[in-house]
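Shown next, in structure tokens, is the structure this report addresses.
The values are calculated or read from the model by the stated rules, or taken from the named source; none is laboratory data. Note that the structure is predicted; figures quoted are calculated from it, not measured. Note that we place each Cβ from the backbone using ideal geometry, even for glycine, and neighbour counts take in every protein chain shown. All accessible areas refer to the heavy atoms of the entire protein, side chains included, with ligands and DNA or RNA removed. Shrake-Rupley method; radii C 1.70, N 1.55, O 1.52, S 1.80 Å.
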Amino acid sequence: MRTLSTASTSSSLFALHGFTSSSRFEDTSLSLPISRVFQRQIGWSNLRNGCLSTKGRTKKLNKHIIISAADVCLDRSVVEADLQKEGMWSVHKFGGTCMGTAKRIQNVAEIILNDASEKKLVVVSAMSKVTDMMYNLIDKAQSRDDSYVTALDDVFEKHKLTANDLLEGESLALFLSQLQRDVSNLKAMLRAIYIAGHATESFSDFVVGHGELWSAQMLSLVLKKRGSQCSWMDTREVLIVNPTSSNQVDPDFVESEKRLNKWLPEHPAETIIATGFIASTPKNIPTTLKRDGSDFSAAIMGALVRAQQVTIWTDVDGVYSADPRKVSEAVILRTLSYQEAWEMSYFGANVLHPRTIIPVMKYNIPIIIRNIFNLSAPGTMICQLPTKEKGDDEGLESVVKAFATIDNLALVNVEGTGMAGVPGTASTIFSSVKDVGANVIMISQASSEHSVCFAVPEEEVDAVAKVLQARFRQALEAGRLSKVEIIRNCSILATVGQRMASTPGVSANLFDALAKANVNVRAIAQGCSEYNITVVIQGKDCVKALEAVHSRFYLSKTTLAVGIIGPGLIGGTLLDQLRDQAAVLKEEFNIDLRVMGITGARTMVLSNLGIDLTRWKELLKEESEVADLEKFAQHVHGNHYIPNTVLVDCTADSDVANHYYDWLCKGIHVITPNKKANSGPLDRYLKLKAQQRSSYTHYFYEATVGAGLPIISTLGGLLETGDKILRIEGIFSGTLSYIFNNFIESRQFSDVVAEAKQAGYTEPDPRDDLSGSDVARKVIILARESGLRLELSDIPVRSLVPEQLRTITSAEEFMRELPKFDANIANERQDAEAAGEVLRYVGVVDVVNKEGRVELRRYKKEHPFSQLSGSDNIIAFTTMRYKEQPLIIRGPGAGAQVTAGGIFSDILRLASNLGAPS
């Protein structure tokens with residue numbers, strides 16, 4: 001029966017191409033070599049039934065065929081009953097990577113033998129690279145390139161060497177004999193293609209399918225060698241498909257099941273090794289399931305035998321939440337619904353052949369993706385959505401499963417007022433696109449019908465543009481259409497998850513994450529299927545966007561690339577605080593702070609993954625390079641897997657502050673205690689604030705006033721809630737607070753200054769503190785935050801540095817000369833004490849009179865400003881709400897620990913704005 005079927009197949013195939021076969025095709029002595037191409041199906045019939053080539057065993061084969069023919073009705077009924085018995089079969093699919101070497105084929109055999117299922121059906125691909133090699137043979141032959149002969153020899157050698165490593169004795173001899181016959185026949189067929197200069201699709205499919213035949217034959221022989229009852233299946237005898245286009249076929253399940261029910265009783269075995277990828281048409285002409293069709297084969301066969309499950313063995317641990325090459329924090333998904341996997345496949349995720357899901361869905365057969373190189377990994381199960389995920393209380397992280405991207409796309413926008421209400425416009429557009437064979441990936445149309453946009457592969461957009469320009473030439477000239485616009489270098493980002501559309505907040509979080517990563521969305525599409533939200537973005541933003549949305553939905557940590565500028569006292573303290581808190585932030589708050597660079601004035605150290613903060617001082621010495629602020633910012637911001645960047649300026653440098661605006665424009669967040677930017681020229685301050693408000697890039701500077709005290713944020717909160725600021729008054733200098741808290745009784749002013757310097761409260765040159773310039777900068781910052789447009793020069797400042805000592809060159813000489821001027825300030829203290837008051841050095845913002853000042857003032861001893869100790873700051877807000885009793889903030893306003901703490905608080909505030917729990 002099989003011989004006649006093969007001959008029929010051969011005759012019909014060759015007749016299609018102008019060839020004729022012998023009327024006695026089964027005769028091996030045919031004179032035409034080309035007619036022997038299809039004999040391999042006959043030659044292997046013995047091997048399928050375990051008969052190796054002896055005369056006696058051939059008789060046994062004949063007897064077996066006669067018995068099967070007599071009992072065919074009974075066997076078929078038994079098989080049909082078996083097919084309906086759920087849970088009996090397990091199906092495994094091994095791809096080319098799994099079958100790539102002799103050792104890997106042995107591993108495959110081990111997995112099959114360890115499967116305790118009652119029945120096993122194993123679908124295998126060709127050895128890795130073999131399918132490409134076979135296609136290359138056809139290309140060479142069609143191009144009349146004689147090297148196809150050498151290339152075919154390479155294919156032969158690859159399989160011969162593998163067989164030598166796997167098999168021995170009679171099994172090896174039989175396989176190599178058959179392999180030699182197949183290769184000889186292929187040479188004859190390729191010679192015919194070479195002469196004709198053309199190969200039809202049927203010829204190509206027949207040639208290419210040999211890779212699967214050889215890998216299945218070798219694996220079946222290995223299993224028999226290990227004592228397994230095994231048959232191998234040429235699925236062209238069973239799997240029937242109807243070609244629907246040049247790159248797609250539809251399975252004929254009814255006919256395939258009939259043929260399978262006939263095949264099974266003729267080849268009784270507990271394990272069946274089946275070829276993937278290849279099939280036949282209803283006319284028994286060999287064909288394929290097209291590129292990457294082995295997964296599809298496994299799903300079809302799983303559906304035919306009503307398998308308990310289908311396991312797809314590959315070289316990854318499962319399905320990732322995003323492409324791990326783009327998102328380092330991508331995680332393995334334990335479960336996916338059929339629909340989610342379907343969507344991910346369509347949008348380019350390396351999950352499955354897009355059509356693999358369809359056959360198994362009908363019978364609710366789960367598909368498991370597993371790693372053949374890591375058997376301890378449980379993999380990903382694709383199945384009906386588990387009951388626990390169908391409740392109404394899902395978090396966003398369970399509703400959104402994964403993200404996929406398609407790169408190298410172009411967006412085509414057809415726009416014009418003449419489109420509105422005109423039937424058939426969209427039909428005309430897409431029929432024109434179909435005529436040039438372009439693939440439309442996504443469509444978006446405004447409800448006003450004013451425009452239609454769609455995405456196509458970049459390489460096809462020129463043809464699309466040309467045909468649309470030609471088709472709508474009259475409409476464009478008449479003004480009914482305004483333009484056919486092409487937007488190149490685009491990518492699609494798809495967010496995939498069950499029931500997204502019916503879960504509030506998904507779209508809001510998605511677009512908020514993109515906006516805060518400075519990613520512009522060019523087009524949006526969301527169907528009512530609830531399985532995906534698709535956006536078109538610029539190609540250059542693809543990785544950044546993918547990382548941003550992935551992080552937002554808690555599939556990874558909220559990750560910040562941090563650059564520290566100025567690792568001095570404050571910057572170094574901040575680095576130590578980041579080091580000590582990093583693990584807690586990551587574990588409890590999903591915040592992953594990665595310091596990608598540290599730079600001082602002369603040297604810097606950079607890292608691609610994150611600096612080891614336990615060794616940052618050593619690294620800054622041992623692995624540093626010459627400091628370059630532009631290169632530093634580009635490195636920290638230019639990483640390929642962290643969407644959000646923050647530069648933390650811990651210096652007091654005006655040159656560094658001059659870069660803030662450019663950094664904000666590039667989407668880099670800025671955090672600083674450096675007062676130079678906000679107290680510098682007014683136009684620069686206003687420019688910074690305008691940029692901050694017009695984008696999702698953040699600029700935080702809490703530590704510029706009061707170190708770690710919440711002064712800026714409190715002022716902002718008062719203004720944002722509608723309160724009106726009348727006056728801000730405070731002791732803003734920790735140094736001067738300490739000096740005047742201790743300038744009491746008979747103590748000399750110069751002695752207290754020396755004591756403060758010795759304790760580290762002052763700058764190296766105390767005049768920097770005593771001049772009042774630092775307090776003036778804080779006053780101007782608060783004045784501007786209150787809405788006053790003042791320059792620093794508008795603030796009158798009472799300097800505590802005697803005029804005669806202001807031009808002295810060294811701090812040491814200043815300290816030696818200072819005692820000569822103690823009497824003047826001592827007199828002021830005595831006058832205050834006589835009136836029951838104390839001296840305090842304060843800054844004042846008078847919002848009502850639109851002015852600010854820095855002065856030495858006297859306060860009653862019961863006043864809050866008189867009751868400070870140490871280096872504490874105190875600030876009083878007088879507002880319309882707090883008019884009778886000012887709002888007072890008091891606490892340490894100086895020191896490395898509290899200042900670094902204030903900066904750290906701003907970093908966490910930024911993380912909260914970017915999606916971390918607040």
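Can you name every residue in segment 838-858 that is open to solvent by less than 20 Å² (accessible area, probe 1.4 Å) and basic (Lys, Arg)? Scanning segment 838-858 gives a single hit, Arg840. Within segment 142-174, the residues that satisfy the criterion of being in contact (Cβ under 8 Å) with a residue 60 or more places away in the chain, more than 44 Å from the chain's Cα centre (by Cα) and open to solvent by less than 60 Å² (accessible area, probe 1.4 Å) are Ser171, Leu174. Within segment 120-146, the set of residues being polar (S, T, N, Q) and more than 28 Å from Val108 (Cβ to Cβ) comprises Gln142, Ser143. Scanning segment 519-541 for residues that are surrounded by 21 or more Cβ atoms within 10 Å (Cβ to Cβ) and assigned to a loop (DSSP other than H, G, I, E, B) yields Val519, Tyr531.
Considering segment 660-696 alone, what residues qualify as being among the polar types (S, T, N, Q) and either closer than 21 Å to His635 by Cα or in a loop (DSSP other than H, G, I, E, B) (or both)? It would help to see each step written out before you state the result.
Applying the first criterion (among the polar types (S, T, N, Q)) to segment 660-696 yields 672, 674, 678-679, 691-692, 694-695.
Residues satisfying the conditions are Thr672, Asn674, Ser695.
Cβ-Cβ distances below 7 Å connect the following pairs, each with a first residue in segment 465-477 that is farther than 16 Å from Gly424 by Cβ, a second residue that is open to solvent by 50 Å² or more (accessible area, probe 1.4 Å) and assigned to a helix (DSSP H, G or I), and a separation of six or more residues or different chains: Val467/Asp435.
Where helices (runs of 4 or more DSSP H) fall entirely within segment 755-837, those with at least 2 residues that are open to solvent by 30 Å² or more (accessible area, probe 1.4 Å) and touching a helix residue (DSSP H, G or I) at 6+ places or on another chain (Cβ under 8 Å) are at 773-785, 811-817.
Consider segment 448-458 and keep the residues that are of a type outside the set (D, E, K, R) and not in a strand (DSSP E or B). The one that is nearest to Lys434 (Cα to Cα) is His450.
Please determine whether any residue of segment 203-225 is surrounded by fewer than 18 Cβ atoms within 10 Å (Cβ to Cβ), out of contact with any Cys (no Cβ under 6 Å at 6 or more places or on another chain), at pLDDT 90 or above and not basic (Lys, Arg). Checked segment 203-225: no residue is surrounded by fewer than 18 Cβ atoms within 10 Å (Cβ to Cβ), out of contact with any Cys (no Cβ under 6 Å at 6 or more places or on another chain), at pLDDT 90 or above and not basic (Lys, Arg).
The residue pairs whose first member lies in segment 594-606 and is on the phi < 0 side of the Ramachandran plot and touching a residue at least 40 places away in the same chain (Cβ under 8 Å), whose second member is part of a loop (DSSP other than H, G, I, E, B) and surrounded by 17 or more Cβ atoms within 10 Å (Cβ to Cβ), and whose beta carbons are closer than 6 Å, counting only pairs six or more residues apart or on different chains, are Arg594/Gly610; Met596/Ser607. A search for C-beta distances below 7 Å between a residue of segment 179-195 that is closer than 15 Å to Asp139 by Cβ and part of a helix (DSSP H, G or I) and any residue that is open to solvent by 50 Å² or more (accessible area, probe 1.4 Å) and not basic (Lys, Arg), counting only pairs 6+ apart in sequence or on different chains, returns Ile193/Gln142.
Filter segment 697-717 for residues that are open to solvent by less than 20 Å² (accessible area, probe 1.4 Å) and part of a loop (DSSP other than H, G, I, E, B) and give the result. Answer for segment 697-717, where residues must be open to solvent by less than 20 Å² (accessible area, probe 1.4 Å) and part of a loop (DSSP other than H, G, I, E, B): Thr697, Tyr701, Val705, Gly706, Ala707, Leu709. In segment 859-910, the residue that is surrounded by the fewest Cβ atoms within 10 Å (Cβ to Cβ) out of those that are touching a strand residue (DSSP E or B) at 6+ places or on another chain (Cβ under 7 Å) and of a type in the set (Gly, Ala, Ser) is Gly891. Looking only at residues in segment 243-279 that are part of a strand (DSSP E or B) and open to solvent by less than 20 Å² (accessible area, probe 1.4 Å), the one that is modelled with the lowest pLDDT is Val249. In the set Leu121, Leu137, only one residue is of a type outside the set (Lys, Arg), surrounded by 18 or more Cβ atoms within 10 Å (Cβ to Cβ), part of a helix (DSSP H, G or I) and touching a helix residue (DSSP H, G or I) at 6+ places or on another chain (Cβ under 7 Å); that residue is Leu137.
With respect to (1) farther than 28 Å from Val108 by Cβ; (2) part of a helix (DSSP H, G or I); (3) open to solvent by 30 Å² or more (accessible area, probe 1.4 Å), the lone exception for Pro282 is condition (2). Just wondering, is there one or more residues in segment 718-737 that are surrounded by fewer than 21 Cβ atoms within 10 Å (Cβ to Cβ), part of a helix (DSSP H, G or I) and either touching a residue at least 24 places away in the same chain (Cβ under 8 Å) or in contact with a helix residue (DSSP H, G or I) (Cβ under 6 Å, 6 or more places away or on another chain) (or both)? Yes: segment 718-737 contains one or more residues that are surrounded by fewer than 21 Cβ atoms within 10 Å (Cβ to Cβ), part of a helix (DSSP H, G or I) and either touching a residue at least 24 places away in the same chain (Cβ under 8 Å) or in contact with a helix residue (DSSP H, G or I) (Cβ under 6 Å, 6 or more places away or on another chain) (or both).
Residue-by-condition table, conditions (1) touching a Leu at 6+ places or on another chain (Cβ under 7 Å); (2) modelled with pLDDT of 95 or more; (3) among the hydrophobic types (A, V, I, L, M, F, W, C):
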{"position": "Tyr641", "(1), (2), (3)": "no, no, no"}
{"position": "Val646", "(1), (2), (3)": "yes, yes, yes"}
{"position": "Cys650", "(1), (2), (3)": "yes, yes, yes"}
{"position": "Ala657", "(1), (2), (3)": "no, yes, yes"}
{"position": "Val670", "(1), (2), (3)": "yes, yes, yes"}
{"position": "Gln691", "(1), (2), (3)": "yes, no, no"}
{"position": "Tyr696", "(1), (2), (3)": "no, no, no"}
{"position": "Tyr699", "(1), (2), (3)": "yes, yes, no"}
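Checking each residue in segment 394-417 for being under 26 Å from the mean Cα position of the chain (by Cα), of a type in the set (D, E, K, R) and either part of a strand (DSSP E or B) or at pLDDT below 55 (or both) picks out Glu394, Glu397, Asp407. Just one of the numbered conditions (1) more than 43 Å from the chain's Cα centre (by Cα); (2) among the aliphatic types (A, V, I, L, M); (3) over 23 Å from Val123 (Cβ atoms) is not true of Ala199; which one? Among (1) more than 43 Å from the chain's Cα centre (by Cα); (2) among the aliphatic types (A, V, I, L, M); (3) over 23 Å from Val123 (Cβ atoms), Ala199 violates only (1).
Val461 falls short on exactly one of the conditions (1) under 23 Å from Thr425 (Cβ atoms); (2) open to solvent by 30 Å² or more (accessible area, probe 1.4 Å); (3) not in a strand (DSSP E or B), and that condition is (2). Residues of segment 473-486 that are under 39 Å from the mean Cα position of the chain (by Cα) and in a loop (DSSP other than H, G, I, E, B): Leu481, Ser482. The residues listed here are Asn136, Asn164; of these, the one that is farther than 25 Å from Thr271 by Cα and not β-branched (Val, Ile, Thr) is Asn136. Arg104 meets all of the listed conditions (1) under 26 Å from Thr356 (Cα atoms); (2) modelled with pLDDT of 50 or more; (3) in contact with a helix residue (DSSP H, G or I) (Cβ under 7 Å, 6 or more places away or on another chain) but one, namely (3). Looking at the structure I just gave you, is Val506 at pLDDT 85 or above, crowded, with 17+ Cβ neighbours inside 10 Å and aliphatic (A, V, I, L, M)? Yes: the conditions hold for Val506. Every residue in segment 625-661 that is touching a helix residue (DSSP H, G or I) at 6+ places or on another chain (Cβ under 6 Å), without any contact (Cβ under 8 Å) to a residue 60 or more places away in the chain and over 22 Å from Arg693 (Cβ atoms), please. Correct list: Ser654 only.
If you check Thr614, Thr603, Thr645 for being within 28 Å of Gln897 (Cβ to Cβ), of a type in the set (S, T, N, Q) and crowded, with 18+ Cβ neighbours inside 10 Å, only one passes: Thr645.
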